[in-house]
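All remarks here apply to the structure that follows.
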Amino acid sequence: RIAYVNGRYVAHADACVHIEDRGYQFADGVYEVCEVARGFIVDMPHHLARLDRSLRELSIDWPVTQRVLPLILREVVRRNHVANGLVYLQVTRGVASRDFVFPAAGTKPSLVVTARKADPAMASKRAENGIKVITVPENRWDRVDIKSVGLLPNVLAKQKAREAGAQEAWFVDADGTVKEGGSSNAWIITRNGVLVTRPAEHGILRGITRTTLFEVAAKLGLTIEERGFSVAEAKAAREAFISSATTIAMPIVAIDGVPVANGHPGSITLSLRQAFFDVAEKSPA
Ligand code: PLP
């Protein structure tokens, strides 16, 4: 079998994209599958129109011109001798050093095309017998408690933050409560000096740094309340901060353009940050 990868037709077994392709690291890409029947690619213009829309919505450039892509699809079908089967194409934002925000302009999107034979008699047989379905709850994708690489919503949120001159975006529930950041947990400190962060039972990722900060807070004699808090409460808080492995406790000075307290990093957050490495478990690197 032959695959198309970024301008080259290569043996399917050797076809690969780089480990820092954003499709691999963030699910930052789109795809189409077309049926191939009796040597024809079925509904191709409609698939390419949807691809164009998907690319536009994610601000990913076309990896080749719109005129050239059908030629590549046909060539992959031809080289694989597919009369009946499918042709698959995938476009990702390309290869870049891992960072949620979009890479620098000029990063080339990746294009991969494969084709596979299928037995039309099998499909006819299946249609004769019919199929069975089961039902599942609609939860695409509420399993944010799993640290999965399905990070496209996080990518788009953090890109939006970048474009607004911010460094993080907080996801907010329909009822106005803050869940967590695109790549961090969310905290506030009340006027009374109580740390507040959302429970990690469900709806957020249980951050390792978050858990260690519970110990740090205890050591500093601070109280933690695990509960939801609203955006309004956060804007009126004494301090606010984010936590993650790479930011530790990072003070927030503004939320949606509204300064938190006097608009300067909070002293309790900075003391948590200071004390963090005394408490954190250290393994030799
Ligand atoms: N929440 C999300 C969505 C994250 O992606 C991350 C880290 O990347 C965190 C929270 C913080 O987790 P940790 O402290 O384990 O880095």
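What follows draws every value from the coordinates through simple rules; no lab data is involved. What you see is a predicted model, and the numbers here were worked out from it, not measured in a lab. Glycine also receives a Cβ, built like all others from the backbone with ideal geometry; neighbour counts cover every protein chain displayed.
Just a few scattered comments:
- Which listed residue, of Ala254, Ala218, is touching a residue at least 24 places away in the same chain (Cβ under 8 Å) and among the aliphatic types (A, V, I, L, M): Ala254
- Taken over region 205-229, the residue count meeting the criterion of being of a type in the set (Ser, Thr, Tyr) and away from the ligand (no atom under 16 Å from the Cβ) is 1.
- Some residue of region 236-251 being among the acidic types (Asp, Glu), surrounded by fewer than 17 Cβ atoms within 10 Å (Cβ to Cβ) and more than 14 Å from the ligand (Cβ to nearest atom): no
- Boolean, Asp173 is farther than 30 Å from Asn80 by Cβ, within 13 Å of the ligand (Cβ to nearest atom) and not hydrophobic (A, V, I, L, M, F, W, C): no
- Selection status of Gly193, within 13 Å of the ligand (Cβ to nearest atom) and either among the small types (Gly, Ala, Ser) or farther than 21 Å from Lys160 by Cβ (or both): no
- The residues of region 116-155 that are part of a helix (DSSP H, G or I) and within 13 Å of the ligand (Cβ to nearest atom), listed by number, are Leu152, Pro153, Asn154, Val155.
- If the condition is being in a strand (DSSP E or B) and touching a Leu at 6+ places or on another chain (Cβ under 9 Å), then region 95-115 contributes Leu111, Val112, Val113, Thr114, Ala115.
- Per-region count, region 252-264, residues at negative phi and either within 15 Å of the ligand (Cβ to nearest atom) or in a loop (DSSP other than H, G, I, E, B) (or both): 5
- Residues of region 36-88 satisfying the condition of being of a type in the set (A, V, I, L, M, F, W, C) and touching a Cys at 6+ places or on another chain (Cβ under 8 Å): Ile41, Val42, Met44, Leu73, Leu86, Val87
- One residue stands out among those in region 159-172 that are in contact (Cβ under 8 Å) with a residue 24 or more places away in the chain and more than 21 Å from Pro265 (Cα to Cα): the one that is surrounded by the most Cβ atoms within 10 Å (Cβ to Cβ), which is Gln159.
- Subset of region 199-222 (residues that are surrounded by 14 or more Cβ atoms within 10 Å (Cβ to Cβ), out of contact with any helix residue (DSSP H, G or I) (no Cβ under 9 Å at 6 or more places or on another chain) and assigned to a helix (DSSP H, G or I)): Ile208, Arg210, Phe214
- Candidates Arg191, Arg162 - the one that is of a type in the set (D, E, K, R) and in a loop (DSSP other than H, G, I, E, B): Arg191
- Number of residues in region 173-193 that are surrounded by fewer than 16 Cβ atoms within 10 Å (Cβ to Cβ), free of Cβ contacts under 8 Å to residues at least 60 places away in the same chain and not charged (D, E, K, R): the value is 3.
- Strands (runs of 3 or more DSSP E) (entirely within region 1-91) containing at least 3 residues that are in contact with a strand residue (DSSP E or B) (Cβ under 8 Å, 6 or more places away or on another chain) and within 28 Å of Lys147 (Cα to Cα): 29-37
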